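Peer 1: Mind looking over this structure? Questions follow.
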Amino acid sequence: MLGRLPNFKALEKRNIPVASNMCPFCGEVKETVEHVMVSCGLAQYTWSVLAQWCKMPTPFLFSFRDVLELHKFSRFEKEKADVIHAVCLIVAWCLWKKRNALVCKGIPTQVAGLVEEIKVLSFLWIKHRGRKNWRRFNV
Ligand SMILES: [Zn+2]
């Protein structure tokens, strides 16, 4: 949100040459944080699947700020809203990690693998780092 992720647009702005400034996932538009996290087809599909997993309607996201503030408008009790917020952060983390794996190492992103990784990390991080009772959230 502070514009500090070194995506292609940010690198170009700092006069750092890049081979291509297009989204590494779809190759259809210039890469921005908003595109990779929100509007890219991969991101939209991921948000849709994970919303279903969290038993909430598919969110209408227009910016990365919407991702970070989704839990505020979810109408869930505070503890479940905290879990939703954690899942959103994990989605952003995993999308950025997959983007870097593709850009830096040429490792293609498999959607099913991405979704499973997000679910596993969500379970592990929320259960063990957040000291929350996972079963209470009905996720
Ligand atoms: Zn894209």
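Peer 1: Which residue, I90, I16, I107, tops the fluctuation ranking in a GNM of the chain built on C-alpha contacts under 10 Å?
Peer 2: I16
Peer 1: Please list the equivalent ellipsoid semi-axes of segment 20-102, computed as the square roots of five times the alpha-carbon gyration tensor eigenvalues, in descending order and whole angstrom.
Peer 2: Semi-axes (√(5λ), whole Å): 24, 11, 11.
Peer 1: Determine how many Å³ per residue the convex hull of the Cα atoms of the chain encloses.
Peer 2: 111
Peer 1: Continuing with this model, one more query. At 7 Å along Cα-to-Cβ for each site, give me the label-to-label distance between Q44 and A101 in nm.
Peer 2: Between Q44 and A101, the simple spin-label model gives 2.4 nm.
Peer 1: Run the dipole for segment 8-137 about the Cα centre, Lys and Arg Cβ at +1, Asp and Glu Cβ at -1, nothing else charged, and hand back the magnitude in debye, nearest 20.
Peer 2: In total the dipole reaches around 540 debye.
Peer 1: Per q in 0.20, 0.21, 0.33 1/Å, what log10 I(q)/I(0) does a Debye calculation on the alpha-carbon atoms of segment 46-86 return?
Peer 2: Calculated log10 I(q)/I(0) at the listed q: -0.55, -0.60, -1.34.
Peer 1: Now for a separate question. Report the one residue of Y45, M22, W125 whose Cα lies farthest in the direction of the positive end of the charge dipole of the chain (charges on C-beta: Lys and Arg +1, Asp and Glu -1; origin at the Cα centre).
Peer 2: Projecting each Cα onto the dipole axis, the largest value belongs to W125.
Peer 1: Give a quick list of trypsin sites (Lys or Arg not before Pro) in segment 1-88 that DSSP marks as loop, anything other than H, G, I, E or B, with at most 13 other Cβ atoms within 10 Å.
Peer 2: R4, R14, K55, R75
Peer 1: Now for a separate question. Given an 8 Å cut-off on Cα distances and at least 6 residues of separation, report the relative contact order of segment 47-135 as a percent.
Peer 2: Relative CO of segment 47-135 lands at 20 percent.
Peer 1: Pairing the Cα long axis of helix 78-105 with the longest principal axis of the chain, what angle in degrees results, from 0 to 90 and rounded to the nearest 10?
Peer 2: Compared with the principal axis, the helix lies near 30 degrees.
Peer 1: Expressed in nm to one decimal, what extension gain is obtained for the pair K119 and F60 from 0.36 nm per residue of sequence separation less their Cα-Cα distance?
Peer 2: Here the segment from K119 to F60 would lengthen by 19.2 nm.
Peer 1: What is the helix-to-structure angle for 111-124, meaning the angle in degrees between its Cα long axis and the longest Cα principal axis of the chain, kept from 0 to 90 and rounded to the nearest 10?
Peer 2: 50
Peer 1: Give a residue-ordered list of calculated ³J(HN,Hα) values for segment 49-66 (Karplus: 6.51 cos²θ - 1.76 cosθ + 1.60, θ = phi - 60°; whole Hz; x for Gly, Pro).
Peer 2: 5, 6, 5, 4, 4, 8, 6, 9, x, 4, x, 9, 10, 10, 8, 5, 4, 4
Peer 1: Still on this structure, please answer the following. Excluding ligands, DNA and RNA, what is the solvent-accessible area per residue of segment 10-135 at a probe of 1.4 Å, expressed in Å²?
Peer 2: On a per-residue basis, segment 10-135 sits at 60 Å².
Peer 1: Length gain on complete extension for the stretch K127 to K78, per 0.36 nm per residue less the alpha carbon to alpha carbon distance?
Peer 2: 16.0 nm
Peer 1: What's the Cα-based Rg to Rh of segment 61-107, Rh via Kirkwood?
Peer 2: Reported Rg/Rh, Kirkwood definition of Rh: 1.14.
The values are calculated or read from the model by the stated rules, or taken from the named source; none is laboratory data. On a predicted model such as this, the values are computed, not experimentally measured, just so you know. Counting neighbours? That spans all protein chains shown, and the Cβs are built from the backbone with ideal geometry, glycine included. Heavy atoms of the whole protein, side chains included, go into the accessibility calculation; ligands, DNA and RNA do not. Shrake-Rupley method; radii C 1.70, N 1.55, O 1.52, S 1.80 Å.
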